[in-house]
Structure formats: structure tokens, C-alpha cells
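Engineer: Can you read through this structure? Questions will come right after.
The values are calculated or read from the model by the stated rules, or taken from the named source; none is laboratory data. Keep in mind that this is a model prediction, so the values were computed, not measured. In this analysis, Cβ positions are derived from the backbone assuming ideal geometry, glycine residues included, and neighbour counts consider all displayed protein chains. Note: accessible area is taken over every heavy atom of the protein model, side chains too, but ligands, DNA and RNA are not part of it. Shrake-Rupley method; radii C 1.70, N 1.55, O 1.52, S 1.80 Å.
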Amino acid sequence: MNEPRRSEKATAVAAWEALFRAQVTVMRALNADFPGGEISFNEYDVCFNLSTQPGRRCRMRELTGHLLLTQPSVSRLVDRLTARGIVEKQPDPTDARGVIVALTPHGFDVYRAVAVQHAQTIADQVGAGLDDAELRTLTELCTKLRTAAAAATGRRGTTRTTSGVDAAAV
């Protein structure tokens, strides 16, 4: 292996490790400060993702693709939210096997109330060490990285995420 390529890999691994560790630290803080009286952190994630979809609804399969949970875990989570009237499940008119998950008006109200408090915690945590220009740069870099990773996944099938790669080993 030539030395420049090894250096590029080590730099990429070091960047990934820094990003991953920052994400873990911030997520733990957000989870600890989450205003979870009515919905949990994972339930909020479902509501957030539905709130960004047209009509505040999407297929269960698409919803699962937006979350860091397995399909069975998402199904159980959606069932709990359905039982509480926060979401509803509807048959997919284009696929008899598919299910549409929709945020109910009550669910949207719950989501919005939690989102206001959660947004302040996010601003406090993420904005604590970065100024406005750095936050904009971080947004641009993360968007660029996500877009490139999605394109690479499309070319190779699925990608595996790993958090612990020894930079010296690459």
C-alpha cells in the first residue's frame, strides 16, 4: 500500500471517530435532558420524521429507513403510539401489503410541544462550542457526507457502520 493512500484512510478514520464521539456525547446529553413526559426520545424521532413528510404520513418501510431502529422495534414503537392516539396506521392504497403511518392531529400537537423544549436543548448542546459560521459549516459538511454516503450505498448495496476503527491499523 502506498503511503499517501494510507494517510488518506487514517485521516478519514480519525474524522469518523471524532464525528462519532461528538455525536454520542451530544446524543447522551440530549437524551438526558429530553422533556419526555408524554413521549420518549425514540417516539419523538418517529413523530419528527412523520412531521417532515407530505401530509405527515409515510409508508412504514420508509419510516424505518429514517430511524436507527430495527423494523420489529419500529413496528412495536408505532403500535404503542397508535394505542395512545399519536399516530394511526392506514392501509397503503398502492400496496396491499404496505402500511401507512400518519401523525394524528393530537400527535402533532404533542410533537410540537416537545419540539419547542427539545430545540432549546439542541441549541444549548450543539451551539455550546460552535459559533454561527461553524454551525453553518457543520451543517454543510454533514449534508455533503450524508449525500456521498447515500450515493455510495446505492452503488454497493448496504454499508456497515462501525464506530471503532484503529486509525493506526489503516
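Engineer: Net charge within 15 Å of GLN23 by Cβ-Cβ distance, Lys/Arg positive one each and Asp/Glu negative one each, not counting GLN23 itself?
Structural biologist: Spelling it out: positives minus negatives among the neighbours equals +1.
Engineer: With the dipole of the chain worked out from charges on the C-beta (+1 for Lys and Arg, -1 for Asp and Glu) around the Cα centre, which of GLY65, PHE20, PHE108 lies farthest toward the positive end?
Structural biologist: Farthest towards the positive end: GLY65.
Engineer: Quick one: divide the alpha-carbon radius of gyration of the chain by 2.2 N^0.38 Å and tell me what you get. Could you put the intermediate results ahead of the total?
Structural biologist: Details: Rg = 19.0 Å, N = 170, 2.2 N^0.38 = 15.5 Å.
Ratio of Rg to 2.2 N^0.38 Å for the chain: 1.23.
Engineer: Next up: With every protein chain kept in place and ligands, DNA and RNA left out, what is the accessible area per residue of the stretch 7-114? Probe 1.4 Å, answer in Å².
Structural biologist: 58 Å²
Engineer: Something else: Taking 8 Å as the Cα distance limit and 6 or more residues as the minimum spacing, I'd like the relative contact order of the chain as a percentage.
Structural biologist: Working: 126 pairs, mean separation 49.5, N = 170.
Across the chain, relative contact order equals 29 percent.
Engineer: Follow-up question, since we're still on this one. How big is the charge dipole of the chain about its Cα centre, in debye rounded to the nearest 20, if each Lys and Arg gets +1 on its Cβ and each Asp and Glu gets -1 on its Cβ?
Structural biologist: Numbers: 21 positive and 19 negative charges, 150 e Å.
Roughly 720 debye, rounded to the nearest 20.
Engineer: For the chain, find the longest principal axis of its Cα atoms and tell me its angle to the long axis of helix 132-156, 0 to 90°, nearest 10.
Structural biologist: 90 degrees
Engineer: Then there's this: Mind checking the angle between helix 3-32 and the chain's longest principal axis? C-alpha axes, 0 to 90 degrees, to the nearest 10.
Structural biologist: With rounding to tens, the tilt is 30 degrees.
Engineer: Using a 1.4 Å probe on the protein chains only, how many percent of the accessible area of the stretch 1-41 belongs to carbon and sulfur? Each step should come with its number before you reach the end.
Structural biologist: Details: 1630 of 2830 Å².
Within the stretch 1-41, the accessible surface is 58 percent carbon and sulfur.
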